[in-house]
Amino acid sequence: MKKIGLFILVAILLTGCTSGKDKLHQEKLNKYESLYQSVLDNDDFASKSKHFDLRAKIEKESDGTYKYQVIIDNPRVAMYDISIIVVEDTKDIALNKEMMVTSGVFEDKVSMIPNQAREDAKYGNGISLVRDQTTNPEVNLKILVTWKSFNRIETYKEFVMIPLKYEEPKPEVVPEEPETTTEETPAEETVEETVEE
């Protein structure tokens, strides 16, 4: 009888842990969908931020696919509990089968404070988001960055758009050296003119 009771207790505890993990995952998924929808609903995007530096680049991989990287660093204000989503080409969330690149949604949140970096306190110098194995050499990135103030009460949002286009590197042109010939050149003839007075 004690064994059956112990088995039932263990089963209840395991079910509780699993449902807790499922609930947490669902909360993260809901946040992802909310951020994604915010990007789709927004029609006012800046080309840069006044609160941090943001840059992006696209490269071609050896297998013919492309990889882009978005870097956010050099904060000008204290930014706590940062969440970022990068949406490519405004793909509708219902039609998109791929997860967009995020930071602070499914992963631990990071904070950035000007001139401070402490890994133990999760204060970073910057955030790098990478998306690889995309087949499109041209992509329009719509980026949403959210963060909280020091007291964790006020929430700020910034929408930034960065168009990226991969261009094959131009081959370096090395100027050719002029060929030297070994042919003899005839001596110049000198002509004297006499001037009559």
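Separation of segment 108-126 from segment 52-89 is 17 Å, based on Cα centroids.
On the beta carbon distance between residue 136 and residue 44, with R0 = 22 Å, the FRET formula returns roughly 0.35.
In loop segments of segment 41-112 as defined by DSSP, the GluC sites (Glu not before Pro) with at most 12 further C-beta atoms inside 10 Å of their C-beta are 61, 98, 107.
The packing ranking, built from the mean of other Cβ atoms within 10 Å per residue, places the peptides 131-143, 148-160 in the order 131-143, 148-160, highest first. Counting neighbouring Cβ atoms within 10 Å and putting the fewest first, the residues 63, 73 line up as 63, 73.
Arranged from fewest to most other beta-carbon atoms within 10 Å of their beta carbon, 52, 45 become 45, 52.
Amide H to amide H, with H built 1.01 Å from N, residue 113 comes under 5 Å of 79, 124, counting only residues 5 or more places away or on other chains. Taking Cβ atoms as reference points and 12 Å as the exclusive limit, the residues near residue 126 contribute a net charge of -1, counting Lys and Arg as +1 and Asp and Glu as -1.
As a rough footprinting exposure proxy, the listed residues 102, 65 were ranked by other beta carbons within 10 Å of their own, and the order from fewest upward is 65, 102.
Just so you know, all these numbers are worked out from the coordinates, no wet-lab data involved. All of these numbers come straight from a predicted model, not from anything done at the bench. Don't worry about glycine lacking a Cβ; one is built from the backbone with ideal geometry, like all the others, and counts go over all protein chains shown.
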